[in-house]
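The values are calculated or read from the model by the stated rules, or taken from the named source; none is laboratory data. On a predicted model such as this, the values are computed, not experimentally measured, just so you know. A quick note on method: Cβ atoms are made from the backbone with ideal geometry, for glycine too, and the neighbour counts reach across all protein chains shown.
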Amino acid sequence: MGSANPKLERKATQVAKRWELTLEQQLVAEKNRIAFKVSSPWGPAALKVYRDLNAAGERSAASFYRKLSKGLGPTLYKTSPLNRAILVEWLDGPNLGELRASGQEEQANVYLAQVTRALYRAKIQIPFRYLRLAKTMEQKLKVASSATITDEFAKALDQVANLLNELNNTTQTEQVIHGDLHYENVILTSEGPKLFDPKVYRADPAAELSKAILAGHADRPIEEFSDRITKRADALAPATDSQPERLIGWSTVLYATRLFKAKHKVVHQSDFEKLDLLLKLSATM
């Protein structure tokens, strides 16, 4: 099969034998996790095995799935001690990214807003195991500030830090969020849209859709980038009873951490122009 982590591959094989699974297709092979489509006694399923205890919040997926409203996500079939391995129902159907790519973004946004609204209304209680997204973002910005960048970018980064501080200070309540809720992580099943592959954080509900707001914009001209960001924020903001500018604010912080996450990363002028635009769109918050 081949893997970025042979130890995890062997672990997955051991779990499969113990749980009477047949590994059919490797879906993800990274140093921190590995995932397979499998056949199981319950039917088609997805097996995930993690290396680390925290696994960037992913190992909280088991408790997250248990607390979801029925029909909002896959059924959780089995977990190992400490949740280092989890087995969930396989979801059949296209993901919303495929729907968006086929020119049906408005319909994709309807489905994405539907599952986001259902999750927001569920108001999953906050156990200490869930990481705070705001704290994670603060740490990423500190790493970014140590990168070798121009004075222009350093100024923009200071603006982003101030924006994050404002978002933190104006967050009225934090909830458990999916943490990776973009178009590809919602499957349009025969029973309706269902989310999967959560990362799980405690956060301002408006932060839930940051990745969706930014999806597919990397190479767009600045005018089209602006138009898509604002239209998407307008369509998705009601799902969490938030203002569009607040969604864009969290998306701005995410965009900045992506730009500066690698030390000595080359950031192009077009990247700065988009960050500057996002900051201006957030300014009316």
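The residue list Thr170, Thr136, Thr150, Thr230 contains one member that is of a type in the set (S, T, N, Q) and either in contact with a strand residue (DSSP E or B) (Cβ under 8 Å, 6 or more places away or on another chain) or buried (at least 21 other Cβ atoms within 10 Å of the Cβ) (or both), which is Thr136.
Taking segment 131-156 as the range and being within 22 Å of the chain's Cα centre (by Cα) and in contact (Cβ under 8 Å) with a residue 40 or more places away in the chain as the test, the residues that pass are Leu131, Arg132, Leu133, Ala134, Thr136, Met137, Lys140, Leu141, Val143, Ala144. Contact map, segment 181-203: residues that are more than 17 Å from Asn109 (Cα to Cα) paired with residues that are of a type in the set (Gly, Ala, Ser) and crowded, with 22+ Cβ neighbours inside 10 Å, Cβ distance under 7 Å, separation 6+ or inter-chain. Pairs shown: Pro198/Ala61; Pro198/Gly179; Lys199/Gly179; Val200/Ser60; Val200/Ala61; Val200/Gly179; Tyr201/Gly179. Of all the numbered requirements in (1) of a type in the set (Lys, Arg); (2) surrounded by 15 or more Cβ atoms within 10 Å (Cβ to Cβ); (3) at pLDDT 90 or above, Arg84 misses one, and that requirement is (3).
Highlighted here are the helices (runs of 4 or more DSSP H) found entirely within segment 60-156 that include at least 2 residues which are polar (S, T, N, Q) and out of contact with any Pro (no Cβ under 7 Å at 6 or more places or on another chain): 105-122, 133-145. Every condition in (1) among the hydrophobic types (A, V, I, L, M, F, W, C); (2) free of Cβ contacts under 8 Å to residues at least 12 places away in the same chain; (3) touching a Leu at 6+ places or on another chain (Cβ under 6 Å) holds for Ala118 except the one numbered (2).
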